[in-house]
1. Any residue in the stretch 50-75 that's under 19 Å from residue 121 (Cβ atoms): show its pairings with residues that are among the small types (Gly, Ala, Ser) at Cβ separation under 6 Å, as long as the two are six or more apart or on different chains.
2. Within the stretch 262-273, identify whether any single residue is farther than 30 Å from residue 161 by Cα, hydroxyl-bearing (Ser, Thr, Tyr) and touching a Phe, Trp or Tyr at 6+ places or on another chain (Cβ under 6 Å), and answer yes or no.
3. With the structure loaded, tell me whether residue 269 is aliphatic (A, V, I, L, M) and in contact with a helix residue (DSSP H, G or I) (Cβ under 6 Å, 6 or more places away or on another chain) or whether it fails that test.
4. Name the single residue, out of those in the stretch 228-238 being part of a loop (DSSP other than H, G, I, E, B) and within 17 Å of residue 297 (Cα to Cα), that is modelled with the lowest pLDDT.
5. Just to check your reading of the model, which residue among 223, 171 is surrounded by 15 or more Cβ atoms within 10 Å (Cβ to Cβ), in contact (Cβ under 8 Å) with a residue 60 or more places away in the chain and not assigned by TED's automatic domain parsing to the domain that holds residue 252?
6. Within the stretch 128-135, is there a residue that is assigned to a helix (DSSP H, G or I) and buried (at least 16 other Cβ atoms within 10 Å of the Cβ)?
7. Would it be correct to say that residue 162 is more than 30 Å from residue 94 (Cβ to Cβ) and in a loop (DSSP other than H, G, I, E, B)?
8. What do you reckon, is residue 293 assigned by TED's automatic domain parsing to the domain that holds residue 249, under 28 Å from the mean Cα position of the chain (by Cα), crowded, with 17+ Cβ neighbours inside 10 Å and aromatic (Phe, Trp, Tyr)?
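The values are calculated or read from the model by the stated rules, or taken from the named source; none is laboratory data. The structure presented is a predicted model; accordingly, all values stated were derived computationally and were not measured. Neighbour counts run over all protein chains shown; Cβ positions are idealised from the backbone, glycine included.
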Amino acid sequence: MGNRFLDNLRMAAALVHVIDAAGSTDAEGKPCPPGTHDPLDDTGFPEVEIALWLRGLLAKDWYKFARRAKYEELDLVKVIAERLSGLGVKEKHVAFALREAGVDRSNPDKWSDDDLLRFVAELRKVSKPIMFAANKADLPEAERNIERIRQKGYLVVPTCSEAELLLRRAAEKGLIRYEPGDGDFEVLKPEVLTEPQLRALELTRKLLKKWGSTGVQQVIDKAVRELLDLIVIYPVEDENKLTDKKGNVLPDAFLVPKGTTSREFAYIIHTDLGETFIHAIDARTKRRVGEDYVLKDRDVIRIVAAKGR
């Protein structure tokens, strides 16, 4: 995977927050009896933290920036989006936040601290939505809390990290057949398992039946697909064999924003490919596509570029 893949995963991780859905961890992170702490009390902090981070980035020289935008008659939406482009903030996000915050777009230099905070709060909502991994979903107290968090409008994935760890360790030892994200598993060597181990696996199976999975892999999938709105593209050198120069089949995968064109993808792979781009080939259809072709999820693409530069 390329560095861009890792960057996208880091960004997703910043937007995903783990909370104890069973209420068995207090505000200081110390264990407490299940149900004695309200996990909804933990949901507001990430929102405030990210909003304050955005405000800090804008407030550094806001007055000078705002006066320049006003007196040079610059497009406020465009210049703010450009300033925050490295964070994945788009013009559509800025336009939405300006409208929802109700701030004076014609006089940004007159904004108060409250105006700026109100704007970044709306900008955070639209550009940096938050997802919660509701851990300890196996405990009885968790189900009601998960539903309460969902009713607040948050994206929530019920998770049980202990169950995932148990299944992965059992799979590594060849005791079961299990792939991360699966909704079930197959016991391969029941004869070598003790009664407590079999009971633990059966309880885990009930959890999988209830929630569909342990939730761990789903957190990653939803963060990439729904929070970051990314798609997977596979670049190849040989569109017939689906290989690179060394004969490796589907050797790489890139996570790119939905709406990425073939030429933009060429730039993502390497600047030289983007600058010398001629056309691309869709490996599935063997069809030649131009620079404006919008890539689809799981496209296998060969970039054809000029040589000698």
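1. 51/121
2. yes
3. no
4. Within the stretch 228-238, the match that is modelled with the lowest pLDDT is 228.
5. 223
6. Restricting attention to the stretch 128-135, the residues satisfying the condition of being assigned to a helix (DSSP H, G or I) are none.
Checked the stretch 128-135: no residue is assigned to a helix (DSSP H, G or I) and buried (at least 16 other Cβ atoms within 10 Å of the Cβ).
7. no
8. Answer is yes for this residue.
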